[in-house]
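To start, the structure itself, in C-alpha cells.
The values are calculated or read from the model by the stated rules, or taken from the named source; none is laboratory data. Values in this document were obtained by computation on a predicted structure and should not be read as measured data. Cβ placement follows ideal geometry from the backbone for every residue including glycine, while neighbour counts extend to all protein chains displayed. For accessibility, only protein heavy atoms count, side chains too; no ligands or nucleic acids. Shrake-Rupley method; radii C 1.70, N 1.55, O 1.52, S 1.80 Å.
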Amino acid sequence: MLYSTIVQRDETGFNNIYEAAQEFEAENVLEAILTCKFDQKKIEKTLNLLRHYQYRLNNESMDLVEFSENFIEQYATDHNECFRLTEKLIRRIGTTMTGSMKIFRSFCPVVHRRLDERHNIVPVLDYSRLTFRQFHGQFFGVDVYASSVKTLLHELATFFYHLVTTMKICKDMIRKEEETRKDVQKLKAIFEKDCDEVLHSVREMFRTFDKIQLVSEEELAERRKDATPMEVWLPRDYHRYDRQWIKTEGIKIRIATGNQYGLDNEAALLWNNNPEWGQTVCSILPKLDTLGLPYKNSKKAAERGKKGTYDSRVMVYMIKWSGVSSTDTEGRIKDEEKERRFYNYCIKNFDGDYLFPTWPAVCRERKYLYSQNVSHEWFVKNFESYVVDLLPHKVQ
C-alpha cells in the first residue's frame with residue numbers, strides 16, 4: 001500500500017493540513033513510535049527531515065509576514081499572475097506544505113498487504129498516526145523513553161506550532177481581503193493611494209500617458225461612454241492585476257474623470273486629484289486680460305502685436321494659486337516639473353493681448369520671493385485678490 005503525499009493546491013488541501021496540524025498531541029507520537037516500530041535509525045532520520053523543513057518553514061514564514069504587511073493596503077500587487085489570494089499564499093508556503101505531508105508520512109504504519117489497484121494509493125492524512133484521535137495511554141509517561149525520543153517530541157511540537165501560526169496568518173489575510181472587498185470606500189482610498197505611489201510625479205504621469213497614446217481617442221470615448229461604475233469594478237479588480245496595470249489604469253481613470261469636468265487630457269493630469277479645482281483654474285485662464293494684472297512694456301510684445309508682458313511676480317502668484325504643486329512644511333515646492341508643465345499649458349492655451357514672462361524670469365522671481373521668507377499662502381492670497389469675483393464660491 002502506498003501513501004500519497006500530494007498536496008491539493010487549493011482551499012481544501014490548505015484546510016486539511018491546517019486541521020491536521022492543530023490536532024498534534026505528544027501521545028500520538030509515542031503511539032506512532034510503538035505502532036510504526038521506530039528504531040534509533042528511524043528516529044534520527046525523522047529528526048533530520050523535521051529540521052530540514054523547520055528551516056524552510058522559518059524562511060517562508062518570514063517572507064509571508066513581510067508580504068502580509070502591505071498586501072491588504074495595496075490595490076494591485078507586484079508579480080501578480082492573476083492567482084486568487086489563497087492560491088498565492090499556498091504558492092508562498094508550498095515547500096512547507098509539502099514538507100508537512102512528508103512528516104505526516106513518516107508516522108504512517110508500514111503495510112505490506114497489497115490491495116486491489118483501485119485502493120493501492122491512499123491519502124497520507126487518513127492513515128498517519130499523528131492524526132489519530134484515539135491512542136493507548138502511556139502508563140509510564142515520556143520519562144522512560146530515550147533522549148532522542150524527547151528531542152523528537154520537542155521538535156515536532158515546535159514545527160507544528162509554527163506551521164499552525166503561519167497558516168493562521170494566511171487565513172487572517174484571506175479574511176481581511178474579503179472584508180476589504182466589501183468596503184467600497186476603503187477600496188477607493190486604497191486605489192487612490194496606489195495611484196499616487198506608482199505615479200509619484202507629474203513627469204511619471206506624462207511619461208506613462210505617452211506610452212498609452214496608442215489607444216485612440218475613439219476608444220477612450222467609447223470607454224468613457226460604457227464605463228463600468230466604480231462600485232462594481234473596485235471590488236472585482238482588487239488584487240487582480242499587477243502594479244503596471246494600476247499605472248496605466250490610474251492614468252485612464254483620472255483622464256476620464258477630468259474629462260467629466262471639461263478638462264482636456266493634459267489638464268486632467270495636472271489636476272488629477274482635484275479636477276473640480278482644475279475646472280475653475282481653466283475657466284479663468286481665458287479671462288486673464290480682464291483681471292487688470294500688472295504688466296510691463298516689452299520690445300518682444302510689441303513685435304508680436306501685444307500690449308505688453310505680464311509681470312513675472314504675478315505669474316509666480318498664479319502658478320502657486322493654481323494648486324498644481326505641493327509644498328513642504330516651509331512652503332517650498334516639491335515638484336517643480338509640475339509647475340513648469342502648468343506654465344507651458346498656460347502659454348499653449350492662452351491667446352490674449354499680453355505675453356507671459358519667460359520661465360527663467362519666473363524662476364528668478366520665485367527664488368527672490370523665497371529669500372524673503374514669504375509663505376505659500378501669501379502667494380495664493382495675492383493672486384486670489386485679482387480673481388475673487390470669478391471664483392464659484394463668491395456670494396452673489
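Label separation (residue 102 vs residue 347): 6.7 nm, computed from points 7 Å beyond Cα along the C-beta direction.
Can you say what percent of the DSSP beta bridges in the chain, counting only those with both residues inside, are antiparallel? Round to 5. In the chain, approximately 40 percent of DSSP beta bridges are antiparallel ones. Cross-link partners for residue 182 among the lysines, with Cα-Cα distance under 19 Å and sequence neighbours closer than 8 places in the same chain left out: 171, 193. If the chain linking residue 232 and residue 370 were pulled fully straight, counting 0.36 nm for each residue of separation and taking away their Cα-Cα distance, it would gain 45.0 nm. Compared with the direct C-alpha span, the chain from residue 218 to residue 126 gains 27.1 nm at full extension, assuming 0.36 nm per residue. Taking the 1.4 Å solvent-accessible surface of the chain as the whole, the part contributed by carbon and sulfur is 49%.
Modelled spin-label separation between residue 169 and residue 65, with each label point placed 7 Å from Cα along the Cα-to-Cβ direction: 0.6 nm. For the pair residue 201 and residue 176 in one chain, pulling the backbone fully straight at 0.36 nm per residue adds 5.9 nm over the alpha carbon distance. Per-residue packing, averaged as other Cβ atoms within 10 Å, sorts the ranges 272-280, 229-237, 374-382 into the order 272-280, 374-382, 229-237, beginning with the highest. The distance from the alpha carbon centre of the stretch 1-67 to that of the stretch 336-386 is 68 Å, rounded to a whole number. With a threshold of 23 Å on the Cα-Cα distance, the over-threshold entries among 88/252; 287/348; 188/320; 296/367; 102/168; 306/338 are 88/252; 188/320; 306/338.
The solvent-accessible area of residue 368, taken with every protein chain present and a 1.4 Å probe, is close to 110 Å². Quick one: if the Förster radius is 30 Å, what FRET efficiency do residue 45 and residue 11 give, using the C-beta to C-beta distance and rounding to 0.05? The formula returns an efficiency of 0.40 here. Where only DSSP H runs of four or more residues are counted, the chain gives -19500 deg cm²/dmol as its mean residue ellipticity at 222 nm, each run worth -39500 (n - 2.57). Each residue, residue 273 and residue 381, gets one label point 7 Å from its Cα in the Cβ direction; the gap between the two is 2.4 nm. Rolling a 1.4 Å probe over the heavy atoms of the protein chains gives the chain an accessible area of 56 Å² per residue. In the set (i) 21, 33, 22, 16, 7, 0; (ii) 24, 45, 27, 4; (iii) 26, 49, 23, 1, the label that goes with P(r) over Cα pairs in 20 Å bins from 0, in percent computed for this structure is (i).
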